[in-house]
1. Take L66 and tell me if it is outside any loop (DSSP other than H, G, I, E, B) and at pLDDT 80 or above.
2. I'd like to know if segment 52-59 contains one or more residues that are in a helix (DSSP H, G or I), among the small types (G, A, S), over 18 Å from S15 (Cβ atoms) and at pLDDT 95 or above.
3. State all residues of segment 19-48 that are more than 12 Å from the chain's Cα centre (by Cα), assigned to a helix (DSSP H, G or I) and either under 25 Å from H70 (Cα atoms) or modelled with pLDDT of 90 or more (or both); if no residue qualifies, say none.
Amino acid sequence: MNASKPMPLDRMAKSLTKGGNIIGFADPKLEGEYSTEAFELVFKLALSCTGHKQERPSMEQVVERLEKAHEISLSVMAPYLHKT
């Protein structure tokens, strides 16, 4: 990537996907405190929303995938949420 001519965000994300480095797109401030499975699900959903119109998911599909990612996140984070 050239700093004088930044790559569009969707193109950068697609190149990371091809290289298998999806987690490299995560905000480092999260410090790994998130479900990688949920992150990958949302990441791929976001990419599918930037594709050709006929290939984009319906809003119903978007909601289903976001709900699934939320469930995954809650199940992974549950032990940490109930600490006393």
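The values are calculated or read from the model by the stated rules, or taken from the named source; none is laboratory data. Bear in mind the structure is a predicted one, so any value in this text is a computation, not a measurement. No Cβ is skipped: glycine too gets one built from the backbone with ideal geometry, and neighbour counts run over all protein chains shown.
1. Yes.
2. Residues of segment 52-59 that are in a helix (DSSP H, G or I), as a first pass: 53-55, 59.
Keeping just the survivors that are among the small types (G, A, S) gives none.
Checking segment 52-59: not a single residue is in a helix (DSSP H, G or I), among the small types (G, A, S), over 18 Å from S15 (Cβ atoms) and at pLDDT 95 or above.
3. To start, the set of residues in segment 19-48 that are more than 12 Å from the chain's Cα centre (by Cα) comprises 19-20, 28-33.
Restricting the remaining residues to those that are assigned to a helix (DSSP H, G or I) gives 19, 28-30.
Result: P28, K29, L30.
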